[in-house]
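A short write-up of the structure that comes next.
The values are calculated or read from the model by the stated rules, or taken from the named source; none is laboratory data. On a predicted model such as this, the values are computed, not experimentally measured, just so you know. Here the Cβ positions follow ideal geometry from the backbone for every residue, glycine too, while neighbour counts run over all protein chains shown.
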Amino acid sequence: MSEAKFTPRVFSGIQPSGGLTLGNYLGAIKRFVQMQDEAFETIYCMVDLHAITAKLLDPDELRRNTRELAAGFIASGISPDKSILINQSQVPEHAQLAWIFNCIARMGWMSRMTQWKDKAGKNAEAASLGLFAYPALMAADILVYHATHVPVGEDQKQHLELTRDIASKFNHDYGVDFFPITEPVIEGAATRVMSLRDGSKKMSKSDPSDASRINLTDDADAIAKKIRKAKTDPDALPSEADGLENRPEARNLVNIYAALADMSVEEVLREVGGQQFGAFKPRLAELAVEKMAPISSEMARLMDQPDEIDRILAKGAAQAREITAPILRQTYDIVGMLG
Ligand code: AQP
């Protein structure tokens, strides 16, 4: 399929499942901000329909989370003048296209998704149908814009492969060249930020331990304290990247430093190789506070203006529907639904 047929367009989303972590920031949002100034139309989304798949949230909490996530996007540098900023449920074509994709995707594809296996755990019988169908809704989020590029963290790679499979199967089954085969954009030193308490686990907003993550709402003291207490090993930092093999906690802190400083891991190690964590951690804490504290104070300021956030999201939804309504209509025509 020739990519030239499609407008270069970026779509990505984050669940308003409560809080935003340094993992979300370095793995996704930082790249979202850069892509606004590259040759793309950019659409960024609070995926509230996804946020209720793992468990239902208190309605007021979900509304608060959604506004807080919008504040986090804007405070991080996503401009409503450069990007379309939306809340998923306010653009109904996402859910409408997802139904068609539920009929394209196969049960076997979905049951092989590692996120499904991790989140459903041993008791898959009790998991919601929504959690199982999550990747089909994600494919619809992307393809309802004919998005060509999707910036995400490493953990979403498999879902993006499924999005490509759904687009290919739809195109093949209906004999059309309608949906693009989307490119994942997984780049940078911190595509998988790990827990500060356990280097084998992803940093996640739903981890029960608050000490495992840096939240975008943490103040300077909290950020510095969490880094000081981060799990490490007793050895000094190596001077070359090979020396981080089998040292997941050390690798994680170096990756975080590199991503925050916009340096490569090799450049960081050239500067800090030989240092003990007692010296490196304060240096990392200082950098993290310098980069993250302004975001958290701007988020707090925006959270005091919920009407302004709602206005931005209403404007974004109207702009989005100019793209999504015709694409959904064409999809319905291809499938044979009366117009
Ligand atoms: N630890 C991470 N490192 C790098 N990227 C990450 N992302 C999430 N955690 C990390 C990226 O953030 C984007 C949005 O993720 P999401 O909130 O939609 O879902 P998630 O991946 O399930 O994130 P969490 O924090 O683990 O949420 P919960 O706890 O609610 O499940 C994606 O691009 C993701 O790759």
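Annotations for the structure displayed:
- Some residue of segment 232-245 being within 16 Å of the ligand (Cβ to nearest atom) and surrounded by 15 or more Cβ atoms within 10 Å (Cβ to Cβ): no
- When the residues of segment 147-161 are filtered to those that are surrounded by 20 or more Cβ atoms within 10 Å (Cβ to Cβ), more than 12 Å from the ligand (Cβ to nearest atom) and not aliphatic (A, V, I, L, M), the one that is nearest to A28 (Cα to Cα) is H149.
- Within the set G13, G19, G23, G72, the sole residue that is within 30 Å of A261 (Cα to Cα) and part of a loop (DSSP other than H, G, I, E, B) turns out to be G19.
- Number of the exception - G23 against (1) in contact with a strand residue (DSSP E or B) (Cβ under 7 Å, 6 or more places away or on another chain); (2) more than 8 Å from the ligand (Cβ to nearest atom); (3) not aromatic (F, W, Y): (2)
- D81 being modelled with pLDDT of 95 or more, within 16 Å of the ligand (Cβ to nearest atom) and surrounded by fewer than 23 Cβ atoms within 10 Å (Cβ to Cβ): no
- Exactly one residue out of P282, P326, P294 is in the same structural domain as R31 (by TED's automatic domain parsing) and either within 30 Å of M194 (Cα to Cα) or modelled with pLDDT of 95 or more (or both), and it is P326.
- Unique match (being among the hydroxyl-bearing types (S, T, Y) and closer than 20 Å to L131 by Cβ) among T7, T66: T66
- For segment 35-69, the tally of residues that are of a type outside the set (D, E), more than 14 Å from the ligand (Cβ to nearest atom) and assigned to a helix (DSSP H, G or I) stands at 5.
- For first residues located in segment 182-207 and in contact (Cβ under 8 Å) with a residue 12 or more places away in the chain, partners that are more than 9 Å from the ligand (Cβ to nearest atom) and in a strand (DSSP E or B) and lie 6+ apart or on another chain with Cβ distances below 9 Å form the pairs T182/F11; T182/H149; E183/H149; P184/H149; V185/V10; V185/H149; K205/N215.
- Qualifying residue in segment 100-112 (condition: within 16 Å of the ligand (Cβ to nearest atom) and either farther than 18 Å from S17 by Cα or in contact with a Cys (Cβ under 6 Å, 6 or more places away or on another chain) (or both)): no
Conditions tested, residue by residue: (1) more than 11 Å from the ligand (Cβ to nearest atom); (2) at pLDDT 95 or above.
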| position | (1), (2) |
| --- | --- |
| T163 | yes, yes |
| A167 | yes, yes |
| F179 | yes, yes |
| I186 | no, yes |
| A190 | no, no |
| K201 | no, yes |
| K205 | no, no |
| S212 | no, yes |
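- Matching residues in segment 214-223 - criterion: being more than 13 Å from the ligand (Cβ to nearest atom) and either part of a loop (DSSP other than H, G, I, E, B) or surrounded by 14 or more Cβ atoms within 10 Å (Cβ to Cβ) (or both): T217, D218, D219, A220, A222, I223
- When A318 is tested against (1) in contact (Cβ under 8 Å) with a residue 24 or more places away in the chain; (2) under 30 Å from A139 (Cβ atoms); (3) small (G, A, S), exactly one condition is not met: (1).
- Scanning segment 318-339 for residues that are closer than 24 Å to K30 by Cα and surrounded by fewer than 19 Cβ atoms within 10 Å (Cβ to Cβ) turns up just one, Q319.
- Segment 255-305, residues that are closer than 13 Å to A189 by Cβ, assigned to a helix (DSSP H, G or I) and touching a residue at least 60 places away in the same chain (Cβ under 8 Å): N255, I256, A258, A259, L260, V265
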